[in-house]
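Chemist: Okay, here's the structure, questions in a sec.
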Amino acid sequence: MTVERKALLPDARPLGAITQAEVASQPDIWTRVLAEAGDTTPLLPAAGEPVLFVGCGTSYYIGEAYARRRNSAGLGRTRAAIASEIPYVDPAEALVVLSRSGTTSDVVRVVEQFHGKTAVVGIVGEPGTPIATMCDQTILLDYADEQSVVQTRFATSALTLLRASLGENLTDLPDQARAALDLKMPRVLPSHVVFLGTDWTIGLAHEAALKCRESAGAWTEAYAVMEYQHGPIAAAGPHTLVWSLDPLPAFVREPVQSTGATVWEPDLDPLAQIVAVHRLALTLADSVGRDSDRPQHLSRSVQLS
(Lines give C-alpha, C1' and ligand atoms only; values in the text may rest on other atoms or scores of the structure.)
Protein backbone atom coordinates (compact mmCIF):
# COMPACT_ATOMS: atom_id res chain seq x y z
CA MET A 1 0.00 0.00 0.00
CA THR A 2 2.83 2.40 0.84
CA VAL A 3 4.47 1.84 -2.53
CA GLU A 4 1.20 2.48 -4.37
CA ARG A 5 0.57 5.71 -2.44
CA LYS A 6 4.08 7.01 -3.20
CA ALA A 7 3.62 6.22 -6.90
CA LEU A 8 0.73 8.68 -6.99
CA LEU A 9 2.78 11.58 -5.68
CA PRO A 10 3.79 14.03 -8.45
CA ASP A 11 7.47 14.01 -7.46
CA ALA A 12 7.60 10.19 -7.53
CA ARG A 13 7.23 10.08 -11.32
CA PRO A 14 10.33 9.39 -13.44
CA LEU A 15 12.02 12.54 -14.70
CA GLY A 16 10.46 13.69 -17.96
CA ALA A 17 7.62 11.15 -17.82
CA ILE A 18 4.91 13.68 -18.71
CA THR A 19 6.82 15.06 -21.69
CA GLN A 20 7.67 11.54 -22.82
CA ALA A 21 3.97 10.64 -22.95
CA GLU A 22 3.12 13.83 -24.81
CA VAL A 23 5.86 13.21 -27.37
CA ALA A 24 4.61 9.66 -27.94
CA SER A 25 1.04 10.90 -28.52
CA GLN A 26 1.92 12.96 -31.59
CA PRO A 27 0.97 10.46 -34.32
CA ASP A 28 -2.56 10.15 -32.92
CA ILE A 29 -2.91 13.89 -32.34
CA TRP A 30 -1.78 14.65 -35.90
CA THR A 31 -4.32 12.14 -37.21
CA ARG A 32 -7.09 14.11 -35.52
CA VAL A 33 -5.70 17.43 -36.79
CA LEU A 34 -5.79 16.13 -40.36
CA ALA A 35 -9.28 14.69 -39.92
CA GLU A 36 -10.53 18.13 -38.84
CA ALA A 37 -8.66 20.11 -41.51
CA GLY A 38 -11.86 20.62 -43.49
CA ASP A 39 -13.27 22.59 -40.56
CA THR A 40 -10.14 24.55 -39.62
CA THR A 41 -8.80 25.55 -43.04
CA PRO A 42 -11.71 27.96 -43.83
CA LEU A 43 -10.90 29.88 -40.63
CA LEU A 44 -7.41 30.76 -41.87
CA PRO A 45 -6.60 33.49 -44.44
CA ALA A 46 -7.72 32.66 -47.98
CA ALA A 47 -5.36 32.07 -50.88
CA GLY A 48 -3.99 35.35 -52.18
CA GLU A 49 -4.51 37.18 -48.89
CA PRO A 50 -1.29 38.61 -47.38
CA VAL A 51 -0.51 37.25 -43.92
CA LEU A 52 1.56 38.32 -40.93
CA PHE A 53 2.19 35.44 -38.52
CA VAL A 54 3.15 36.41 -34.97
CA GLY A 55 4.51 34.32 -32.14
CA CYS A 56 7.22 34.02 -29.49
CA GLY A 57 9.90 31.36 -29.19
CA THR A 58 8.57 28.06 -30.52
CA SER A 59 5.47 29.77 -31.92
CA TYR A 60 7.63 32.17 -33.93
CA TYR A 61 9.67 29.30 -35.41
CA ILE A 62 6.46 27.50 -36.40
CA GLY A 63 5.30 30.74 -38.02
CA GLU A 64 8.58 31.10 -39.92
CA ALA A 65 8.20 27.59 -41.31
CA TYR A 66 4.58 28.28 -42.32
CA ALA A 67 5.44 31.64 -43.91
CA ARG A 68 8.13 30.15 -46.13
CA ARG A 69 5.91 27.20 -47.02
CA ARG A 70 2.96 29.45 -47.95
CA ASN A 71 5.16 31.78 -50.00
CA SER A 72 6.66 28.86 -51.88
CA ALA A 73 3.17 27.56 -52.64
CA GLY A 74 2.28 30.90 -54.22
CA LEU A 75 -0.69 31.40 -51.88
CA GLY A 76 0.04 35.01 -50.95
CA ARG A 77 2.75 37.12 -49.38
CA THR A 78 3.43 35.70 -45.93
CA ARG A 79 5.90 36.75 -43.28
CA ALA A 80 6.56 35.89 -39.66
CA ALA A 81 7.57 38.23 -36.86
CA ILE A 82 8.50 37.94 -33.20
CA ALA A 83 5.67 39.49 -31.20
CA SER A 84 7.95 42.06 -29.57
CA GLU A 85 9.75 42.90 -32.83
CA ILE A 86 7.13 43.64 -35.48
CA PRO A 87 8.74 46.08 -37.94
CA TYR A 88 5.47 47.16 -39.56
CA VAL A 89 1.95 45.95 -40.31
CA ASP A 90 0.40 46.32 -43.73
CA PRO A 91 -3.31 47.18 -43.33
CA ALA A 92 -4.08 44.57 -46.00
CA GLU A 93 -2.48 41.77 -43.97
CA ALA A 94 -4.46 39.26 -41.98
CA LEU A 95 -2.86 38.57 -38.62
CA VAL A 96 -2.38 34.98 -37.45
CA VAL A 97 -1.14 34.44 -33.89
CA LEU A 98 -0.07 31.22 -32.20
CA SER A 99 -0.10 30.79 -28.43
CA ARG A 100 -0.47 27.51 -26.57
CA SER A 101 -1.48 29.17 -23.30
CA GLY A 102 -3.49 32.03 -24.80
CA THR A 103 -1.89 34.27 -22.16
CA THR A 104 1.58 35.11 -23.55
CA SER A 105 2.00 38.79 -22.71
CA ASP A 106 3.75 39.85 -25.91
CA VAL A 107 1.13 38.17 -28.09
CA VAL A 108 -1.76 39.52 -25.98
CA ARG A 109 -0.46 43.04 -26.56
CA VAL A 110 -0.30 42.48 -30.33
CA VAL A 111 -3.87 41.21 -30.46
CA GLU A 112 -5.07 44.10 -28.32
CA GLN A 113 -3.29 46.57 -30.59
CA PHE A 114 -4.61 45.26 -33.90
CA HIS A 115 -8.00 43.79 -33.01
CA GLY A 116 -10.60 45.77 -34.94
CA LYS A 117 -8.00 47.12 -37.37
CA THR A 118 -7.31 43.90 -39.25
CA ALA A 119 -8.64 40.34 -39.22
CA VAL A 120 -7.03 38.35 -36.40
CA VAL A 121 -6.95 34.55 -36.32
CA GLY A 122 -5.70 32.82 -33.19
CA ILE A 123 -4.49 29.24 -32.82
CA VAL A 124 -4.56 28.48 -29.08
CA GLY A 125 -4.51 25.57 -26.69
CA GLU A 126 -6.74 26.88 -23.91
CA PRO A 127 -10.31 28.18 -24.28
CA GLY A 128 -11.50 31.26 -22.43
CA THR A 129 -8.04 32.86 -22.39
CA PRO A 130 -7.40 36.47 -23.49
CA ILE A 131 -6.10 35.57 -26.94
CA ALA A 132 -8.81 32.97 -27.54
CA THR A 133 -11.57 35.46 -26.72
CA MET A 134 -10.18 38.54 -28.50
CA CYS A 135 -9.49 37.02 -31.92
CA ASP A 136 -12.01 37.31 -34.75
CA GLN A 137 -11.54 33.59 -35.44
CA THR A 138 -10.12 31.08 -32.99
CA ILE A 139 -8.87 27.60 -33.80
CA LEU A 140 -8.83 25.65 -30.55
CA LEU A 141 -6.27 22.86 -30.27
CA ASP A 142 -7.08 22.02 -26.66
CA TYR A 143 -6.70 18.30 -27.38
CA ALA A 144 -3.05 18.98 -28.31
CA ASP A 145 -2.37 21.09 -25.21
CA GLU A 146 0.27 19.90 -22.77
CA GLN A 147 1.04 19.76 -19.07
CA SER A 148 4.74 20.17 -19.76
CA VAL A 149 6.52 23.51 -19.84
CA VAL A 150 8.38 22.65 -23.05
CA GLN A 151 6.16 22.61 -26.13
CA THR A 152 6.22 19.45 -28.22
CA ARG A 153 2.93 18.13 -29.58
CA PHE A 154 1.08 21.46 -29.53
CA ALA A 155 3.61 23.13 -31.81
CA THR A 156 3.91 20.21 -34.22
CA SER A 157 0.12 19.87 -34.34
CA ALA A 158 -0.21 23.56 -35.17
CA LEU A 159 2.24 23.22 -38.06
CA THR A 160 0.43 20.09 -39.25
CA LEU A 161 -2.80 22.11 -39.30
CA LEU A 162 -1.12 24.99 -41.13
CA ARG A 163 0.48 22.74 -43.73
CA ALA A 164 -2.84 20.99 -44.33
CA SER A 165 -4.43 24.40 -44.93
CA LEU A 166 -1.99 24.91 -47.80
CA GLY A 167 -3.36 21.88 -49.59
CA GLU A 168 -0.48 19.52 -48.83
CA ASN A 169 -1.13 15.80 -48.92
CA LEU A 170 -0.11 14.74 -45.42
CA THR A 171 -1.83 11.37 -45.30
CA ASP A 172 1.33 9.51 -44.35
CA LEU A 173 2.61 12.08 -41.88
CA PRO A 174 1.29 10.32 -38.73
CA ASP A 175 2.97 7.10 -39.84
CA GLN A 176 6.22 8.99 -40.37
CA ALA A 177 5.88 10.32 -36.82
CA ARG A 178 5.53 6.73 -35.60
CA ALA A 179 8.71 5.85 -37.47
CA ALA A 180 10.43 8.79 -35.76
CA LEU A 181 9.43 7.36 -32.38
CA ASP A 182 11.40 4.23 -33.29
CA LEU A 183 14.44 5.99 -34.75
CA LYS A 184 17.57 4.89 -32.92
CA MET A 185 19.31 7.55 -30.86
CA PRO A 186 23.10 8.00 -31.08
CA ARG A 187 25.06 5.35 -29.21
CA VAL A 188 27.30 8.06 -27.82
CA LEU A 189 25.41 11.20 -26.92
CA PRO A 190 26.86 14.39 -28.41
CA SER A 191 27.87 17.37 -26.28
CA HIS A 192 27.24 19.71 -29.23
CA VAL A 193 24.30 19.46 -31.65
CA VAL A 194 23.85 21.48 -34.84
CA PHE A 195 20.60 21.48 -36.81
CA LEU A 196 20.58 22.46 -40.47
CA GLY A 197 17.65 23.35 -42.72
CA THR A 198 16.80 25.11 -45.93
CA ASP A 199 13.81 27.25 -46.91
CA TRP A 200 10.88 26.29 -44.61
CA THR A 201 12.98 23.89 -42.54
CA ILE A 202 15.24 26.70 -41.30
CA GLY A 203 12.50 27.55 -38.81
CA LEU A 204 12.29 23.89 -37.84
CA ALA A 205 16.06 23.76 -37.34
CA HIS A 206 15.82 26.63 -34.87
CA GLU A 207 12.91 24.92 -33.13
CA ALA A 208 14.91 21.68 -32.89
CA ALA A 209 17.84 23.49 -31.32
CA LEU A 210 15.52 25.24 -28.88
CA LYS A 211 14.01 21.93 -27.74
CA CYS A 212 17.41 20.55 -26.76
CA ARG A 213 18.36 23.78 -24.98
CA GLU A 214 15.08 23.98 -23.07
CA SER A 215 14.96 20.33 -22.04
CA ALA A 216 18.61 19.60 -21.39
CA GLY A 217 20.49 22.90 -21.30
CA ALA A 218 22.46 21.50 -24.22
CA TRP A 219 24.90 23.35 -26.50
CA THR A 220 22.87 23.57 -29.69
CA GLU A 221 22.95 25.69 -32.82
CA ALA A 222 20.84 26.07 -35.97
CA TYR A 223 21.75 27.34 -39.43
CA ALA A 224 20.71 27.34 -43.04
CA VAL A 225 22.53 24.50 -44.82
CA MET A 226 24.56 26.79 -47.06
CA GLU A 227 25.54 29.07 -44.17
CA TYR A 228 27.15 26.41 -42.02
CA GLN A 229 30.54 26.53 -43.71
CA HIS A 230 30.64 30.33 -43.42
CA GLY A 231 32.14 30.17 -39.94
CA PRO A 232 30.04 27.92 -37.65
CA ILE A 233 31.74 24.73 -38.85
CA ALA A 234 34.82 25.88 -36.93
CA ALA A 235 33.21 24.63 -33.69
CA ALA A 236 32.53 21.11 -35.05
CA GLY A 237 34.46 18.09 -33.95
CA PRO A 238 34.12 14.47 -32.79
CA HIS A 239 31.80 15.69 -30.02
CA THR A 240 29.35 17.18 -32.56
CA LEU A 241 26.17 15.78 -34.09
CA VAL A 242 25.14 17.65 -37.25
CA TRP A 243 21.49 16.83 -37.93
CA SER A 244 20.23 18.02 -41.30
CA LEU A 245 16.47 18.13 -41.80
CA ASP A 246 17.06 18.06 -45.57
CA PRO A 247 19.44 15.88 -47.61
CA LEU A 248 22.88 17.47 -47.77
CA PRO A 249 24.83 18.01 -50.98
CA ALA A 250 28.17 16.19 -50.95
CA PHE A 251 30.10 19.47 -50.93
CA VAL A 252 28.54 20.24 -47.52
CA ARG A 253 28.46 16.74 -46.06
CA GLU A 254 32.10 15.87 -46.76
CA PRO A 255 33.68 18.93 -45.07
CA VAL A 256 31.46 18.35 -42.03
CA GLN A 257 32.47 14.71 -41.82
CA SER A 258 36.14 15.71 -42.11
CA THR A 259 35.82 17.50 -38.75
CA GLY A 260 35.03 14.19 -37.08
CA ALA A 261 31.40 15.18 -36.52
CA THR A 262 28.59 12.68 -36.94
CA VAL A 263 26.16 13.59 -39.73
CA TRP A 264 22.50 12.58 -39.58
CA GLU A 265 20.08 12.88 -42.49
CA PRO A 266 16.96 10.87 -41.55
CA ASP A 267 14.78 9.86 -44.48
CA LEU A 268 11.62 11.32 -42.95
CA ASP A 269 9.45 14.38 -43.45
CA PRO A 270 11.20 17.25 -41.60
CA LEU A 271 8.23 17.72 -39.27
CA ALA A 272 8.29 14.01 -38.38
CA GLN A 273 12.01 14.40 -37.66
CA ILE A 274 11.10 16.93 -34.96
CA VAL A 275 9.44 14.04 -33.09
CA ALA A 276 12.82 12.30 -33.08
CA VAL A 277 14.44 15.55 -31.95
CA HIS A 278 12.05 15.57 -28.99
CA ARG A 279 13.32 12.12 -28.07
CA LEU A 280 16.93 13.27 -28.37
CA ALA A 281 16.14 16.24 -26.11
CA LEU A 282 14.63 13.91 -23.50
CA THR A 283 17.62 11.56 -23.71
CA LEU A 284 20.07 14.43 -23.30
CA ALA A 285 18.09 15.75 -20.33
CA ASP A 286 18.04 12.34 -18.67
CA SER A 287 21.80 11.94 -19.19
CA VAL A 288 22.50 15.03 -17.07
CA GLY A 289 19.73 14.44 -14.52
CA ARG A 290 17.49 17.29 -15.67
CA ASP A 291 13.71 17.08 -15.46
CA SER A 292 12.38 17.99 -18.90
CA ASP A 293 8.88 18.30 -17.40
CA ARG A 294 10.11 21.17 -15.22
CA PRO A 295 13.11 22.81 -16.91
CA GLN A 296 14.92 25.38 -14.83
CA HIS A 297 14.31 29.10 -15.39
CA LEU A 298 11.27 28.42 -17.62
CA SER A 299 7.51 28.71 -17.18
CA ARG A 300 4.60 27.45 -19.26
CA SER A 301 3.57 30.96 -20.25
CA VAL A 302 5.74 34.07 -20.27
CA GLN A 303 3.65 36.80 -18.66
CA LEU A 304 5.35 40.14 -18.19
CA SER A 305 4.10 42.97 -16.00
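The values are calculated or read from the model by the stated rules, or taken from the named source; none is laboratory data. A quick note: this is a predicted structure, and the numbers were derived from the prediction, not measured. As a convention, Cβ positions derive from the backbone with ideal geometry for all residues, glycine included, and neighbour counts pool all protein chains shown. With ligands, DNA and RNA removed, areas are computed over all heavy atoms of the protein, side chains included. Shrake-Rupley method; radii C 1.70, N 1.55, O 1.52, S 1.80 Å.
Chemist: If I model a spin label as a point 7 Å beyond the Cα along the Cα-Cβ vector, how far apart are those points for D142 and T171 in nm?
Modeler: Calculated label separation equals 3.3 nm.
Chemist: Now for a separate question. Taking Cα pairs under 8 Å and at least six residues apart, what relative contact order does segment 209-274 come out at, in percent? Can you show the working numbers first?
Modeler: Numbers: 58 pairs, mean separation 19.0, N = 66.
Reported relative contact order: 29 percent.
Chemist: Do you know the relative contact order of the chain, to the nearest whole percent, from alpha carbon pairs under 8 angstrom that are 6+ apart?
Modeler: Across the chain, relative contact order equals 21 percent.
Chemist: Okay, moving on. When the helix-only estimate is applied to the chain (DSSP H runs of n ≥ 4, each -39,500 (n - 2.57), divided by the residue count), what is the mean residue ellipticity at 222 nm, nearest 500 deg cm²/dmol? Walk me through the intermediate numbers first.
Modeler: On the way: 12 runs with 123 residues, N = 305.
It lands at -12000 deg cm²/dmol.
Chemist: Output wanted: per-residue J couplings in Hz (rounded whole) for segment 242-248, from phi through Karplus 6.51 cos²θ - 1.76 cosθ + 1.60, θ = phi - 60°, x for Gly and Pro.
Modeler: 9, 9, 9, 6, 10, x, 8
Chemist: So if I take the centroid of the Cα atoms in segment 206-275 and the same for segment 15-75, what is the distance between those two points in Å?
Modeler: Segment 206-275 and segment 15-75 have Cα centres spaced 23 Å from each other.
Chemist: I would also like to ask the following. Determine the share of the chain's accessible area contributed by carbon and sulfur atoms, expressed in whole percent, with a 1.4 angstrom probe.
Modeler: Working: 7080 of 13410 Å².
Summing carbon and sulfur atoms, their accessible area is 53 percent of the total for the chain.
Chemist: Also, I was wondering about something else. Beyond 15 Å, how much of the Cα-Cα pair distribution for segment 107-153 remains, as a whole percent? All intermediate terms of the calculation are to be shown ahead of the outcome.
Modeler: Values: 486 of 1081 pairs.
I get 45 percent for the Cα pairs in segment 107-153 exceeding 15 Å.
Chemist: DSSP loop (so not H, G, I, E, B), at most 16 other Cβ within 10 Å: list which trypsin sites (Lys or Arg not before Pro) in segment 44-123 pass both filters. Before the final figure, lay out the partial values.
Modeler: On the way: sites: R68, R69, R70, R77, R79, R100, R109, K117; in loops: R77, R100, K117.
For trypsin sites (Lys or Arg not before Pro) across segment 44-123 that sit outside H, G, I, E and B with at most 16 neighbouring Cβ atoms in 10 Å, the list reads R77, K117.
Chemist: Here is a further query. Under the 0.36 nm per residue contour assumption, what length would be gained going from the current alpha-carbon distance of S258 and Q113 to full extension? Walk me through the intermediate numbers first.
Modeler: Numbers: separation 145, 0.36 × 145 = 52.20 nm, distance 5.14 nm.
Length gained, S258 through Q113: 47.1 nm.
Chemist: Could you state the accessible area per residue of the chain in Å², with a 1.4 Å probe and every protein chain left in place?
Modeler: Numbers: 13410 Å² over 305 residues.
For the chain, the solvent-accessible area averages 44 Å² per residue.
Chemist: Roughly how big is the chain's charge dipole about its Cα centre, with Cβ charges of +1 (Lys, Arg) and -1 (Asp, Glu), in debye to the nearest 20? Can you show the working numbers first?
Modeler: Numbers: 24 positive and 35 negative charges, 103 e Å.
So the dipole magnitude of the chain works out to roughly 500 debye.
Chemist: Shifting gears a bit: Pairs of Cα atoms under 8 Å, at least six residues apart: use those to get the relative contact order of segment 110-247, whole percent.
Modeler: Numbers: 159 pairs, mean separation 24.4, N = 138.
Relative contact order for segment 110-247 comes out at 18 percent.
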